[in-house]
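Visitor: This structure is in C-alpha cells; I'll ask about it shortly.
The values are calculated or read from the model by the stated rules, or taken from the named source; none is laboratory data. This one's a predicted model, so the numbers in the text were calculated from it and none came from an experiment. Here Cβ is always computed from backbone atoms with ideal geometry, including for glycine, and neighbour counts include all displayed protein chains.
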Ligand code: SF4
Ligand code: SF4
C-alpha cells in the first residue's frame with residue numbers, strides 16, 4: 001500500500017473531531033461489547049471469524065477516535081485500545097468497511113442499545129475516501145456516473161435506441177400507436193428514473209413499467225441524459241461526488257419541469273435520493289419524491305389500474321431490499337402491491353424489517369475483488385428462498401435482482417427473479433377508454 005498523505009490523513013481524522021455531529025460521537029462511544037450483534041450479520045454467520053462481528057468493524061473507527069480525540073488515547077493509547085491511522089489500519093478498514101459490510105442495518109435491530117453501526121461504517125468509508133482509498137472498482141462506478149450521467153457509462157445514443165425499441169414493442173403489445181415511452185418531455189407529472197442495469201441488461205423491466213404507466217394513463221417522461229436513480233457516492237462515501245450526482249438529477253428535473261420524481265426500482269438509489277439527496281444539496285426538494293412501489297400502490301387504490309391476480313398463479317415470495325424496507329419504511333406498501341398482483345404468496349423467514357440482505361448491497365456488486373465473499377454470504381438468502389418453495393422471487397431493486405440471479409445460478413435454486421413492475425404488468429387488465 002502507498003504511504004498515506006499526511007494532509008489527507010489529518011482531514012480524515014478531522015471527520016471524527018466534528019463538533020456538530022453529536023450522533024457520531026454518541027454512537028462511537030456507546031458500544032458495550034455485549035456481542036449480541038454478531039449473530040445478526042451475514043458475514044459472521046457464514047464465516048465465523050471475529051473480524052466480521054459488527055462491533056469489531058466499528059471499533060476500527062472508534063479506536064482512531066480514541067487515539068486522536070481523547071486525552072487517554074493521546075497519552076496512554078495502549079491502555080484504551082487507541083490506534084494510529086497508519087497504512088496497516090487503513091488496509092484493515094478497507095477490507096472491513098468496504099469489503100465486509102453491505103450497510104444493511106440488520107445489526108442495528110439486534111444491538112442491545114441501538115448503535116447505528118452502518119452510520120459509523122459510512123463515516124469510516126468517508127475517512128478512506130478523504131485519503132483517496134476507495135476500492136478502484138467502486139470508484140470506477142462513481143466516476144462513470146459523474147462523467148457520463150449513468151453508473152454504467154451507457155452512451156446516450158445507445159440508451160435512446162433501447163428506449164425506441166421498447167416503445168415499438170409497447171405499441172405492438174398494446175396495439176395502440178399512441179403508446180409511448182416519452183423522452184425529454186417537459187411539464188410532465190412524472191419524471192421517472194431507472195437503474196442503468198435496465199437499459200443495459202433488463203430492458204423488459206422498462207417496458208413493464210411503461211405498460212403500467214400506459215394503463216394508468218400517466219403523464220410522464222424519462223430524461224435521455226440523467227435517468228439514473230442510483231448514487232454510488234452513497235457507498236464510496238465521497239460527499240462531494242454524492243452531491244454532484246444528486247445535483248445532476250435535481251437540475252434535470254428542473255430543466256424538464258417535472259412535478260414528481262419517481263424513484264425507479266433501486267433500494268439504495270431511493271434512499272440516497274429521497275432521504276440523503278436534500279442533505280447533500282443542503283435544500284429541501286421543491287417536487288414530490290416517491291418510489292415506484294408507492295406510485296403503483298396509489299394506482300391500485302385509486303382504481304387507475306386493474307389487476308387480475310389469477311394471471312400470476314405460481315407461488316411468489318418477496319425479497320425485501322434493506323434500503324426500501326428496513327431503512328425505507330416500505331414493508332406494508334410492498335406487500336399491498338404484491339398481494340394485489342399474485343394469487344399465491346409466502347413470506348420468507350425472517351422477512352420485512354428483520355430480513356437478511358441479499359448480500360449485494362453497500363456497493364458490494366461493484367467491487368469484484370470481493371465476489372467470493374459476496375456469494376458466500378448470499379448462501380443465507382439462497383437458503384431462505386429455497387425453504388419457501390416459491391417459484392418466483394419479487395424484489396423492487398435491480399441491485400438485489402442482480403445478486404439474486406447470481407445466487408439462483410450458484411445455489412441452483414431454479415426460481416425466477418422479477419421486479420415489482422414486471423409482476424404488476426403480468427397481472428394488468430388493459431381497459432381501452434377510446
Ligand atoms: S450493516 Fe449488515 S453487513 Fe454491516 S455489520 Fe451490520 S449486519 Fe453486518
Ligand atoms: S450489540 Fe451493540 S453494544 Fe453489543 S457489541 Fe454489538 S454494537 Fe456493541
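Visitor: Can you give me the number of residues within the range 100-129 that are more than 16 Å from ligand 2 (Cβ to nearest atom) and under 25 Å from residue 68 (Cα atoms)?
Guide: As a first pass, look at the range 100-129 and keep what is more than 16 Å from ligand 2 (Cβ to nearest atom): 102, 125-129.
Going one step further and asking which of them are under 25 Å from residue 68 (Cα atoms), we end up with 125-129.
Matching residues across the range 100-129 total 5.
Visitor: Given the criterion without any contact (Cβ under 8 Å) to a residue 40 or more places away in the chain and either within 16 Å of ligand 2 (Cβ to nearest atom) or assigned to a loop (DSSP other than H, G, I, E, B) (or both), identify the matching residue among 132, 59.
Guide: Values: 132 fails: without any contact (Cβ under 8 Å) to a residue 40 or more places away in the chain.
So the residue among 132, 59 that is without any contact (Cβ under 8 Å) to a residue 40 or more places away in the chain and either within 16 Å of ligand 2 (Cβ to nearest atom) or assigned to a loop (DSSP other than H, G, I, E, B) (or both) is 59.
Visitor: Now for a different question. Restricting the search to the range 281-296, which residues are part of a helix (DSSP H, G or I) and under 18 Å from the mean Cα position of the chain (by Cα)? Walk me through how you get there before you give the answer.
Guide: As a first pass, look at the range 281-296 and keep what is part of a helix (DSSP H, G or I): 281, 292-296.
Hits for the range 281-296 are 292, 293, 294.
Visitor: Here's something else I'd like to know. Could you tell me which residue of the range 334-344 is farthest from residue 291 (Cα to Cα), considering only residues that are touching a helix residue (DSSP H, G or I) at 6+ places or on another chain (Cβ under 6 Å) and surrounded by fewer than 23 Cβ atoms within 10 Å (Cβ to Cβ)?
Guide: Once the filter is applied, the top-ranked residue is 343.
Visitor: Only one residue in 371, 327, 344 is within 24 Å of residue 107 (Cβ to Cβ) and either touching a strand residue (DSSP E or B) at 6+ places or on another chain (Cβ under 7 Å) or free of Cβ contacts under 8 Å to residues at least 12 places away in the same chain (or both). Which one?
Guide: Checking each option against the conditions leaves just 371.
Visitor: The conditions are (1) farther than 20 Å from residue 56 by Cα; (2) modelled with pLDDT under 95, and residue 137 fails exactly one of them. Which is it?
Guide: (2)
Visitor: Residues of the range 92-118 being more than 6 Å from ligand 1 (Cβ to nearest atom), in a loop (DSSP other than H, G, I, E, B), in contact with a helix residue (DSSP H, G or I) (Cβ under 9 Å, 6 or more places away or on another chain) and on the phi < 0 side of the Ramachandran plot, which ones?
Guide: Residues of the range 92-118 that are more than 6 Å from ligand 1 (Cβ to nearest atom), as a first pass: 92-100, 108-116.
Applying the additional criterion that residues be in a loop (DSSP other than H, G, I, E, B) yields 99-100, 111-116.
Those left that are additionally in contact with a helix residue (DSSP H, G or I) (Cβ under 9 Å, 6 or more places away or on another chain): 99-100, 111-112, 114-116.
99, 100, 111, 112, 115, 116 - these are the residues of the range 92-118 that are more than 6 Å from ligand 1 (Cβ to nearest atom), in a loop (DSSP other than H, G, I, E, B), in contact with a helix residue (DSSP H, G or I) (Cβ under 9 Å, 6 or more places away or on another chain) and on the phi < 0 side of the Ramachandran plot.
Visitor: Does the range 386-398 include one or more residues that are over 28 Å from residue 121 (Cβ atoms), in contact with a helix residue (DSSP H, G or I) (Cβ under 6 Å, 6 or more places away or on another chain), at pLDDT 95 or above and outside any helix (DSSP H, G or I)? Spell out how you get there, then give the answer.
Guide: Taking the range 386-398 and keeping what is over 28 Å from residue 121 (Cβ atoms), we get 386-392, 394.
Narrowing further to those that are in contact with a helix residue (DSSP H, G or I) (Cβ under 6 Å, 6 or more places away or on another chain): 394.
Now narrow it down to the ones that are at pLDDT 95 or above: 394.
Retained after the next criterion (residues that are outside any helix (DSSP H, G or I)): 394.
Checking the range 386-398: at least one residue is over 28 Å from residue 121 (Cβ atoms), in contact with a helix residue (DSSP H, G or I) (Cβ under 6 Å, 6 or more places away or on another chain), at pLDDT 95 or above and outside any helix (DSSP H, G or I).
Visitor: OK, next. Answer yes if at least one residue in the range 25-42 is more than 12 Å from ligand 2 (Cβ to nearest atom), part of a helix (DSSP H, G or I) and farther than 16 Å from residue 120 by Cβ, and no otherwise. Give the derivation first.
Guide: In the first step, residues of the range 25-42 are kept if they are more than 12 Å from ligand 2 (Cβ to nearest atom); the result is 25-26, 42.
Retained after the next criterion (residues that are part of a helix (DSSP H, G or I)): 25-26, 42.
With farther than 16 Å from residue 120 by Cβ added as a condition, the list becomes 42.
Yes, that holds for at least one residue.
Visitor: Can you tell me which of (1) surrounded by 19 or more Cβ atoms within 10 Å (Cβ to Cβ); (2) more than 13 Å from ligand 1 (Cβ to nearest atom); (3) closer than 17 Å to residue 367 by Cβ is the one residue 52 doesn't meet?
Guide: For residue 52, the failing item is (2).
Visitor: So which of 356, 351 ends up being buried (at least 16 other Cβ atoms within 10 Å of the Cβ) and touching a helix residue (DSSP H, G or I) at 6+ places or on another chain (Cβ under 8 Å)? I'd like the intermediate steps shown before the answer.
Guide: Working: 351 fails: touching a helix residue (DSSP H, G or I) at 6+ places or on another chain (Cβ under 8 Å).
Going through 356, 351 in turn, the sole match is 356.
Visitor: Follow-up. Applying the selection to the range 11-23, what residues are surrounded by 15 or more Cβ atoms within 10 Å (Cβ to Cβ) and at pLDDT 90 or above? First the steps, then the outcome.
Guide: Taking the range 11-23 and keeping what is surrounded by 15 or more Cβ atoms within 10 Å (Cβ to Cβ), we get 12-13, 15-16, 21.
Result: 12, 13, 15, 16.
Visitor: Let me ask something additional. Filter the range 250-280 down to the residues that are closer than 14 Å to residue 222 by Cβ and outside any loop (DSSP other than H, G, I, E, B), then identify the one that is farthest from the chain's Cα centre (by Cα).
Guide: 255
Visitor: Any idea which of 45, 94 is more than 16 Å from ligand 2 (Cβ to nearest atom) and within 26 Å of the chain's Cα centre (by Cα)? Quick ask: steps written out before the conclusion?
Guide: Working: 45 fails: more than 16 Å from ligand 2 (Cβ to nearest atom).
Checking each option against the conditions leaves just 94.
Visitor: While we're looking at this one, here's another question. Which number in (1) out of contact with any helix residue (DSSP H, G or I) (no Cβ under 7 Å at 6 or more places or on another chain); (2) buried (at least 22 other Cβ atoms within 10 Å of the Cβ) marks the one condition that residue 320 misses?
Guide: Evaluating residue 320 over (1) out of contact with any helix residue (DSSP H, G or I) (no Cβ under 7 Å at 6 or more places or on another chain); (2) buried (at least 22 other Cβ atoms within 10 Å of the Cβ) leaves (1) as the failure.
Visitor: Counting just the residues of the range 55-75 that are within 13 Å of ligand 1 (Cβ to nearest atom) and farther than 12 Å from residue 29 by Cα, which one comes out surrounded by the fewest Cβ atoms within 10 Å (Cβ to Cβ)? Show your work before the answer.
Guide: Within the range 55-75, the first condition is being within 13 Å of ligand 1 (Cβ to nearest atom), and the residues that meet it are 55-61.
Those still in the list that are farther than 12 Å from residue 29 by Cα too: 56-57, 60.
Details: 56: 19, 57: 27, 60: 23.
Per the stated criteria, the residue is 56.
Visitor: How many residues does the range 178-200 contain that are touching a residue at least 60 places away in the same chain (Cβ under 8 Å) and under 19 Å from the mean Cα position of the chain (by Cα)?
Guide: Residues of the range 178-200 touching a residue at least 60 places away in the same chain (Cβ under 8 Å): 184-195, 197-198.
Still in the list and also under 19 Å from the mean Cα position of the chain (by Cα): 192-195, 197-198.
Total meeting the criteria: 6.
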